[in-house]
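Following: one structure in structure tokens, then a few remarks.
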Amino acid sequence: MFGVTTSDDYRPVTWMGRFPVDVTTILVGVHVACAILTAFLFAIGYASALNYAMFDSAQVWLHGQVWRQITYAFIHPPSGYALLWFAIEMYMLFFFGREVERFLGRRAYIWLYAILLIVPALILTLWGLTMRTGLAGSGALHFAIFAAFVTLYPNVQFFLRIPAKWIFAILAAIATLSTLAARDWQTLVVLWTSVAIAFIFIELRGAGPELNWFNSLKARLQPKPKLHVVQKSTTRRTVEPDDVYASVDPILDKISKSGMGSLTESEKRLLDRARNRLLKKSD
């Protein structure tokens, strides 16, 4: 259920008074701190230092600057339009990310965020073998967090009672059409790669909409169970207790309560054995 913790692994990293500080809260804090730092670098005339943090496939291949595959997402230019989108990003991360974290748990959520951070950069790195690629900002990453939330809760209503799935469809269509018009193929690939990763990750956790084709594909990819030879079990003769008389008392109680028809075959044999012993003693 939306807004309710559903994972045994979910727990705050720490507490600030009565306010729980989870992984999502820490991520928001890190991004906000980076945005403030970026603004100060622009103010003092050192904006060029950000060039060492942006993703650049040429620098990765030629100079081994692999940190760019992570630091690109923490660059937030201080222009008016960029800061407005950054505020929307932080809202999406804080509000929707916390719900995804509650559902997945801390470790799975960290894995999701790490995959969304690294995989698009790896794709652009491979793309850089044919043409130079670049990337800065975390727009696609945090939109993918929203996509993960929509996969979990597609019918939750926001903004004039519009279901979350339709809000996602509208935003995704706007982003897709704008990148197509600008012929920005790299941004388009990063956007839909991130969305696909978020969707598949949630599906693999056993949540999201029921997809027969996806479940069939997953079943085919899973290793088939190995066949084990089961040896035929041999029946063993039941050893009756030596103290036959002591074993008869519970049987007699059972007869007095439920009658002879309630006895099992072993109980009948035990009763006959006790009777035969009594008859031998009387002779």
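Ignoring ligands, DNA and RNA, what percent of the accessible area of the range 5-120 is carbon or sulfur (1.4 Å)?
Values: 4480 of 6260 Å².
Accessible surface attributable to carbon and sulfur in the range 5-120 totals 72 percent.
Apply the Karplus parameterisation 6.51 cos²θ - 1.76 cosθ + 1.60, with θ equal to phi minus 60°, to every residue of the range 100-115 and state each ³J(HN,Hα) to the nearest whole Hz, in sequence, with x for glycine and proline.
With the stated coefficients, the range 100-115 comes to 5, 5, 4, 6, 7, x, 4, 5, 5, 5, 4, 4, 4, 5, 5, 5 Hz.
In the neighborhood of ASP22, defined by Cβ-to-Cβ distances under 9 Å, what is the net charge if each Lys or Arg adds +1 and each Asp or Glu adds -1?
Local charge sum for ASP22: +3.
Show me, bin by bin at 5 Å from 0, the whole-percent P(r) of the range 24-82 based on Cα pairs.
Pair shares across the bins are 4, 18, 23, 23, 17, 11, 3, 0.
Considering only protein heavy atoms, with the full assembly of protein chains and a 1.4 angstrom probe, order ILE110, ILE145, ILE167 by accessible area, largest first.
ILE110, ILE167, ILE145
Express in nm, to one decimal, how much length is gained between LEU122 and PHE158 on full extension, taking 0.36 nm for each residue of separation and deducting their alpha carbon distance.
Stretched fully, the LEU122-PHE158 segment lengthens by 9.5 nm.
Could you provide, to the nearest whole Å², the per residue accessible area of the range 1-129 with probe 1.4 Å? Before the final figure, lay out the partial values.
Numbers: 7070 Å² over 129 residues.
Accessible area per residue, the range 1-129: 55 Å².
Can you give me the solvent accessible area of ASP272 with a 1.4 Å probe, rounded to the nearest 10 Å²?
Roughly 70 Å² of ASP272 is accessible to a 1.4 Å probe.
State the Cα centre-to-centre distance between the range 116-185 and the range 30-48 in whole Å.
First find each Cα centre; the distance between them is then 25 Å.
Multiplying the sequence separation of GLN222 and ARG18 by 0.36 nm and subtracting their Cα-Cα distance, what value in nm do you get?
69.0 nm
The values are calculated or read from the model by the stated rules, or taken from the named source; none is laboratory data. This is a predicted model, so every value here is computed, not measured. In this analysis, Cβ positions are derived from the backbone assuming ideal geometry, glycine residues included, and neighbour counts consider all displayed protein chains. Protein only, heavy atoms only, side chains kept; ligands, DNA and RNA dropped before computing areas. Shrake-Rupley method; radii C 1.70, N 1.55, O 1.52, S 1.80 Å.
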